[in-house]
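To start, the structure itself, in structure tokens.
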Amino acid sequence: MFEYLVPLQPDAIIALMQQCKADTNPDKIDLGVGVYKDEAGGTTILRAVKAAEKQLWETETTKSYVGIRGNDDFRHAMLHLILGGDAGKIDDSLLDRIASAQAAGGSGALRLGAELIKSAAPHATVWVSTPTWANHIPLISSAGLKMEKYPYYNRETLGVDFDDMIAHLDAHAKVGDVVLLHGCCHNPTGADLSPAQWDQLADFMLAKQLTPYVDLAYFGLGRGMSEDSYGLRKVVDICPEVLIAASCSKNFALYKERVGLVAVVCKDTDTATIARSQLGSIQRRIISMPPDHGAKLVADILGDKSLREMWVAELTEMRERMRDLRKQLSEALNVQGGETMAAAVVDQNGMFSTLPLSVDQARKLRSEFSIYMTDSGRINIAGANKTNIPRLAEAILSVL
Ligand code: LMR
């Protein structure tokens, strides 16, 4: 039967990773995949993670299964973290309305959420921003859901076309549709909604009876923990139902451990009980039991005062380094012809910005300068460093 298979190309990000790896130029600059790199170009294991791993190694006595929806401490600690704001704590009345499951990374969470939508509302359309993360559409549409796009990023102003976004959803989305939103650090553009826009969006979604599906893959890496969850907390406050897909890949640097959480805020506790049974059953038929190691580390870090403080300090360090790099790149780009880019780069959040480059220009940067970014002009700012920023800016300006 396998002779009937047709070869498939890897997606743009995976293909770029392979291309960059094969480039032997010692001065190459890898701005491709969304992986945080330190000044020396390394993606090291966080000190808090190492300490939790040591503790786990000493105390863990079994590798037996944890449970179909994963580690309870992990799920609860994550919900308090992402929904608790400055207090880091949510009320039991909200917790009781939430069904959650540990997932294999943010992608696993997105897929579990998509399967749940398919079971609950098979005819709902899922709306995604233009542009969005390359894997959103394959991941969610594979659950059998219809998908459509709404306008979001303006490639000329390099900002969010918020009025167009609302007008488009108002005109085309139907009651019961789902709108995928990036909670912070929009991937691939870094252009986020302001708090005032989240306020307006939440009211609009409620009035229009649309369900927010918030992808929170870069929590803590934008402006700060409380700032990065503002939008999510807002829609949870206003809308009766919200889906959340959170990832610990970037903020805990646990990439290959695949740690994620899907959470569904329901209208009431009875609905949450049903949603829990559904999430468990979906997990069972896709991967049966979620992997435990990474989630246990996150639970241990968040549940221990000193490990948590260590993690917050490391997260802050990553975030501030990216903000510094943005500032430096912005200054270097701030010459005639580069002003809009310069203003956007310093204003945007997280790992990514999408520069106003054509496919040919992005490819030229690759072939002539060994600078790797996606064809769409997305850069991962954490892939740059203080030393190579002048060269990077010069190369970008030279291809414009
Ligand atoms: C990215 O956007 O580069 C990351 O989320 C990694 C991935 O899997 O695509």
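Nothing in this text is a laboratory measurement; each read-out follows from the coordinates by a stated rule. It should be emphasised that the depicted structure is a prediction, and the values quoted were computed from it without experimental measurement. Using ideal geometry, Cβ is built from the backbone for each residue, glycine included, and neighbour counts are taken over all protein chains shown.
Summary of computed values
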| quantity | calculated |
| --- | --- |
| Selected residue (only one of GLU331, GLU317 is more than 16 Å from the ligand (Cβ to nearest atom), surrounded by fewer than 18 Cβ atoms within 10 Å (Cβ to Cβ), within 20 Å of THR43 (Cβ to Cβ) and of a type in the set (D, E, K, R)) | GLU317 |
| Tally of residues being away from the ligand (no atom under 16 Å from the Cβ) and either hydrophobic (A, V, I, L, M, F, W, C) or in contact with a Gly (Cβ under 6 Å, 6 or more places away or on another chain) (or both) across the stretch 337-369 | 10 |
| Which numbered condition LYS256 fails, given (1) touching a residue at least 60 places away in the same chain (Cβ under 8 Å); (2) within 16 Å of the ligand (Cβ to nearest atom); (3) not aliphatic (A, V, I, L, M) | (1) |
| Considering residues of the stretch 80-98 that are β-branched (Val, Ile, Thr) and touching a residue at least 24 places away in the same chain (Cβ under 8 Å) only, the residue farthest from ILE274 (Cα to Cα) | ILE82 |
| Options ALA109, ALA99, ALA134: the member that is within 16 Å of the ligand (Cβ to nearest atom), outside any loop (DSSP other than H, G, I, E, B) and either more than 21 Å from the chain's Cα centre (by Cα) or surrounded by 15 or more Cβ atoms within 10 Å (Cβ to Cβ) (or both) | ALA109 |
| Total residues in the stretch 140-160, condition crowded, with 19+ Cβ neighbours inside 10 Å and under 19 Å from the mean Cα position of the chain (by Cα) | 5 |
| Filter pass, TYR213 being within 16 Å of the ligand (Cβ to nearest atom), aromatic (Phe, Trp, Tyr) and under 30 Å from THR316 (Cβ atoms) | no |
| Residue count, the stretch 208-230 (criterion: within 23 Å of ALA173 (Cα to Cα) and not hydroxyl-bearing (Ser, Thr, Tyr)) | 7 |
| Sole exception among (1) within 24 Å of PRO240 (Cβ to Cβ); (2) among the small types (Gly, Ala, Ser); (3) touching a residue at least 12 places away in the same chain (Cβ under 8 Å) for ALA77, by number | (1) |
| Of all residues in the stretch 6-36 being more than 13 Å from the ligand (Cβ to nearest atom) and within 22 Å of ARG321 (Cβ to Cβ), the one that is farthest from the chain's Cα centre (by Cα) | ASP27 |
| Spans of helices (runs of 4 or more DSSP H) in the stretch 169-277 with at least 3 residues of a type in the set (Asp, Glu) | none |
| Candidates ALA40, ALA77, filtered to the one that is in a helix (DSSP H, G or I) and away from the ligand (no atom under 16 Å from the Cβ) | ALA77 |
| Residue match in the stretch 161-179 (condition: crowded, with 17+ Cβ neighbours inside 10 Å and touching a His at 6+ places or on another chain (Cβ under 8 Å)) | no |
| Single unsatisfied condition, VAL312 versus (1) in a helix (DSSP H, G or I); (2) touching a residue at least 40 places away in the same chain (Cβ under 8 Å); (3) under 22 Å from ALA114 (Cβ atoms) | (3) |
| Cross-chain or 6+ apart pairs with Cβ under 6 Å, the stretch 367-392 first and free of Cβ contacts under 8 Å to residues at least 40 places away in the same chain and part of a loop (DSSP other than H, G, I, E, B), then among the β-branched types (Val, Ile, Thr) and crowded, with 17+ Cβ neighbours inside 10 Å | GLY377/THR354 |
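This table checks each residue for (1) surrounded by 18 or more Cβ atoms within 10 Å (Cβ to Cβ); (2) at positive phi.
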site	(1), (2)
GLY190	yes, yes
GLY220	yes, yes
ARG223	no, no
VAL235	yes, no
ALA246	yes, no
GLU257	yes, no
LEU261	yes, no
